[in-house]
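Undergrad: Have a look at this one.
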Amino acid sequence: MSTIFQKIIDGEIPADKVYEDSQCLAFRDINAVAPCHILVIPKRPIARLSDAVEEDAALLGHLLLVANQVAAEEGLEGYRLVINDGAAAGQTVFHLHLHVIGGRPLHWPPG
Ligand code: AMP
């Protein structure tokens, strides 16, 4: 079954895109938890980080670099990257995504 993020990749539903290349897409989270909340997703569907395999290493590295780039373009002083892996960790959309969160003080430990 197609996830909501696959529908965004396929152009079936709109998204506020901030970056796109052949491997990934970044767009603003519809329920932002901070002034900047961007999701970076691979175009290749990987349901969750724990499904990733050695062949995904370059793609995973690329996602990190894109997250860093979009954070810089947003002018963030610092930012937090979050990957929720599995329902027990709060994952609700089963298409791997990196949350890029910033623009306000971020507390630690997270909830
Ligand atoms: P997670 O809980 O880690 O699976 O995060 C899923 C994120 O996707 C949540 O922060 C949602 O607000 C976000 N989200 C769900 N649907 C959309 C959408 N159509 N456009 C943008 N963000 C979305």
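Undergrad: Around Gln6, under 11 Å between beta carbons, what's the net of Lys plus Arg minus Asp minus Glu among the other residues?
TA: Details: positive: Lys7, Lys43, Arg44; negative: Asp10, Glu12.
With Lys, Arg at +1 and Asp, Glu at -1, the neighbours total +1.
Undergrad: Moving to a separate point now. Computed over the Cα atoms of the chain, what is the convex hull's projected area averaged over all directions, in nm²?
TA: Working: hull surface 28.8 nm².
That works out to 7.2 nm², a quarter of the Cα hull's surface.
Undergrad: Now for a separate question. Using amide H atoms built 1.01 Å from N in the peptide plane, name the residues 5+ places from Leu96, or on other chains, whose amide H lies under 5 Å from its own.
TA: Ile46, Ala47, Arg48
Undergrad: May I ask you to list the GluC sites (Glu not before Pro) in the stretch 1-79 that are in a DSSP loop and have at most 14 other Cβ atoms within 10 Å of their Cβ?
TA: Values: sites: Glu12, Glu20, Glu54, Glu55, Glu73, Glu74, Glu77; in loops: Glu12, Glu74, Glu77.
Here the GluC sites (Glu not before Pro) that fit, given the DSSP loop and packing criteria, are Glu12, Glu77.
Undergrad: Express in whole angstrom the spacing between the alpha-carbon centres of the stretch 82-111 and the stretch 1-68.
TA: 13
Read-outs: derived from the displayed coordinates by stated rules, not from any lab. Values in this document were obtained by computation on a predicted structure and should not be read as measured data. Counting neighbours? That spans all protein chains shown, and the Cβs are built from the backbone with ideal geometry, glycine included.
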